[in-house]
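A.B. asks: Sharing a structure here in structure tokens format.
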Amino acid sequence: MNASGDPQLSYPVVHVTGTNGKGTTSRICAALLRAQGLRVGVYTSPHLETINERMAIDGRPIGDGELATQLGAVAELEVFLGEQLSWFESVTASAYRWFADEAIDAAVVEVGLGGRFDATNVAMASVAAVTNVSLDHTEILGSTREQIASEKAGIIKPSSVLVLGEDDPALAGIFEAEAREVGAAALWRRHEDFGAEDLRVAVGGRVMDLFTPACRYEDVFLPIRGAHQADNAAVALAAAQAFTGTPLSEGLVAEALASVTAPGRMEVMHRNPTVVLDGAHNLAGAASAGAALAEDFSGAARVIVVMGCLRGREPAEMLGALTGATSSDSPGGAPKIEQVIACTPPSPRAIPAEEVTRAARSLGLSAP
């Protein structure tokens, strides 16, 4: 990045980390900033269909030609410097360069993995937002939530505002210590300084009350399913207010949140029959997906799960979390699963469908 002229330092950044909810929180925060009239770049991962989805400005993904130009420029620098970047590093560098070339007013950047040593952490964020901390990528980040929290705390920078969504006191203390050590400007805590209250199921999403240190917003509609999305909305709203330094108007917040979409997050793809797509990839995510199925689709007469897994996941644990049978992270409620249909994802890291089938049967679930 230094050889590129440090483009990531040419615009202010909201940096978002956490085990789950980073992508949705980033989307909501970007929508709130755009509603303020800012030109906003968003960098998220992974993508669902095309790599272009990973970087967008004002909701428009990068075009093929511009993406090729940025990736080519990064590749030329690799040759010039004699360096070999990882795939994610190359894409991250391309996003930061593109944002600078397009003269954005702000960037909302989702951490790829962890935080402290993630490629995105070359930015100097003015706001560091943390959604939550659960066990995931333990072979890289550490085997305990405390170790993982320490890695995620690495995105906090001097003079940044820390918006802390994790409310476990033991883990919150790790972030608070990091904030003091680096000289963060402020620390906002969930439940104390910001949060979501009075959640109600609505058609196509949730209605909730949100509050920040400066304002309260009642009866806000978020068109994304799952009670856990209210927590993401609260972090995003607090991060947006911390970034602008002023409260956002009630009308602006209502309009921005009503416009948010979250592909692959409890997304209804078809009706009659209802087909729901969700990319839950760890135990906490599976537990949240199960609770959303039970609450948002409580009238379903039958629930059939089509499931594929990659290596690094235990299918029995994932299914147990989804059904509420084995996960202590379950927020309450679980769907009644009639049948599990296993599939093998098109990936070199795929777990064979036969293993998923055996896992389902070990839990007493029907799996042909």
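A.B. asks: In degrees between 0 and 90, to the nearest 10, how far off the longest principal axis of the chain does helix 64-81 point, with axes built from Cα atoms?
C.D. replies: 60 degrees
A.B. asks: With the chain treated as a Gaussian network of Cα nodes joined by springs under 10 Å, which of S126, S26, S86 yields the largest mean-square fluctuation?
C.D. replies: Largest GNM mean-square fluctuation: S86.
A.B. asks: If you take the square roots of the eigenvalues of the alpha-carbon gyration tensor of the stretch 263-368 and sort them as a ≥ b ≥ c, do you get rounded (a/c under 1.5), prolate (a/b over b/c) or oblate?
C.D. replies: Here the stretch 263-368 falls in the rounded category.
A.B. asks: Can you give the FRET efficiency to the nearest 0.05 for Q147 and E76, using r as the Cβ-Cβ distance and R₀ = 51 Å? Spell out each step's value before the answer.
C.D. replies: Working: r = 38 Å, r/R0 = 0.74.
Step by step, r from the Cβ atoms, then E = 0.85.
A.B. asks: If you restrict to DSSP beta bridges whose two residues both lie in the chain, what percentage is antiparallel, to the nearest 5?
C.D. replies: 45 percent
A.B. asks: Pulled fully out, how much extra length does the chain show between V207 and L277, if you take 0.36 nm times their separation in residues and subtract their Cα-Cα distance?
C.D. replies: This chain segment gains 23.0 nm when fully extended.
A.B. asks: Distance between the C-alpha centers of the stretch 4-69 and the stretch 252-272? Whole Å please.
C.D. replies: The stretch 4-69 and the stretch 252-272 have Cα centres separated by 18 Å.
A.B. asks: Per residue, how big is the convex hull of the stretch 144-183 when only Cα atoms are used? Give it in Å³. Don't skip to the end; give the middle numbers.
C.D. replies: Details: hull volume 2.2 nm³, N = 40.
In the stretch 144-183, the Cα convex hull volume per residue is 55 Å³.
A.B. asks: Right, here's the next one. Extension gain D64-D167, at 0.36 nm per residue separation less the Cα-Cα distance, in nm? Each step should come with its number before you reach the end.
C.D. replies: Details: separation 103, 0.36 × 103 = 37.08 nm, distance 4.12 nm.
Extra length from D64 to D167 when fully extended: 33.0 nm.
A.B. asks: Stokes-Einstein diffusion coefficient for the chain at 20 °C in a medium of 1.002 mPa s, Rh from the Kirkwood formula over Cα pairs: what value in µm²/s?
C.D. replies: Values: Rh = 21.2 Å.
D = 101 µm²/s.
A.B. asks: Farthest toward the dipole's positive end in the chain, which of Y96, F221, G5, given Cβ charges of +1 (Lys, Arg) and -1 (Asp, Glu) about the Cα centre?
C.D. replies: F221
A.B. asks: Next question. Can you work out the FRET efficiency for the pair N52 and R200, with r the C-beta to C-beta distance and R0 = 41 Å, to the nearest 0.05?
C.D. replies: Working from the Cβ atoms, E equals 0.70.
A.B. asks: Which order do the peptides 151-164, 309-322 come out in when sorted by mean C-beta neighbours inside 10 angstrom, highest first?
C.D. replies: With the highest mean Cβ count within 10 Å placed first, the list reads 151-164, 309-322.
A.B. asks: A follow-up question, please. Determine the percent antiparallel among the DSSP beta bridges restricted to the stretch 102-224, to the nearest 5.
C.D. replies: 55 percent
A.B. asks: Follow-up question, since we're still on this one. Please list the radius of gyration and Dmax for the stretch 123-214, considering alpha-carbon atoms only, with Å as the unit.
C.D. replies: Computed over the Cα atoms of the stretch 123-214, radius of gyration and Dmax are 14.8, 45 Å.
A.B. asks: Using the Kirkwood formula over every pair of different C-alpha atoms, what hydrodynamic radius in Å results for the stretch 169-307?
C.D. replies: In the stretch 169-307 this quantity evaluates to 16.7 Å.
A.B. asks: Along the positive direction of the dipole of the chain (beta-carbon charges: Lys, Arg +1; Asp, Glu -1; about the Cα centre), which of H137, V305, G41 reaches farthest?
C.D. replies: Sorting the options by dipole projection puts first V305.
A.B. asks: Further question on the same structure: At 222 nm, what value in deg cm²/dmol follows for the chain if DSSP H runs of at least 4 each add -39500 (n - 2.57) and the sum is divided by all its residues, to the nearest 500?
C.D. replies: The helix contribution divided over the chain gives -11000 deg cm²/dmol.
A.B. asks: In Å², what does the accessible area per residue of the stretch 171-287 work out to with a 1.4 Å probe? All intermediate terms of the calculation are to be shown ahead of the outcome.
C.D. replies: Details: 5150 Å² over 117 residues.
Per residue, the stretch 171-287 has an accessible area of 44 Å².
A.B. asks: Select from the stretch 179-281 those GluC sites (Glu not before Pro) which occupy a DSSP coil region and have at most 10 other Cβ atoms within 10 Å, ordered by residue number.
C.D. replies: Qualifying residues, ordered by number: none.
A.B. asks: Mean projection of the alpha-carbon convex hull of the stretch 54-213 over all orientations, in nm²? Don't skip to the answer; put the middle values down first.
C.D. replies: On the way: hull surface 49.1 nm².
With the hull built on Cα positions only, its mean projection is 12.3 nm².
A.B. asks: A further question on this structure: If you take the C-alpha gyration tensor of the stretch 39-133, multiply each eigenvalue by 5 and take the square root, what semi-axes do you get, largest first, in whole Å?
C.D. replies: After diagonalising the Cα gyration tensor, the semi-axes are 20, 17, 13 Å.
A.B. asks: Can you give the extra length, in nm with one decimal, that the chain gains between F88 and R302 once fully stretched, where that is 0.36 nm per residue apart less the Cα-Cα distance?
C.D. replies: 73.0 nm
A.B. asks: Also: Once you charge only the Cβ atoms, +1 for Lys and Arg and -1 for Asp and Glu, what is the size of the charge dipole of the chain about its Cα centre, to the nearest 20 debye?
C.D. replies: My answer is approximately 660 debye.
The values are calculated or read from the model by the stated rules, or taken from the named source; none is laboratory data. All values derive from a computational prediction rather than experimental measurement. Neighbour counts are summed over all protein chains in view; Cβ atoms, including those assigned to glycine, are modelled from backbone coordinates with ideal geometry. The area values use the complete protein model at the heavy-atom level, side chains included, leaving out ligands, DNA and RNA. Shrake-Rupley method; radii C 1.70, N 1.55, O 1.52, S 1.80 Å.
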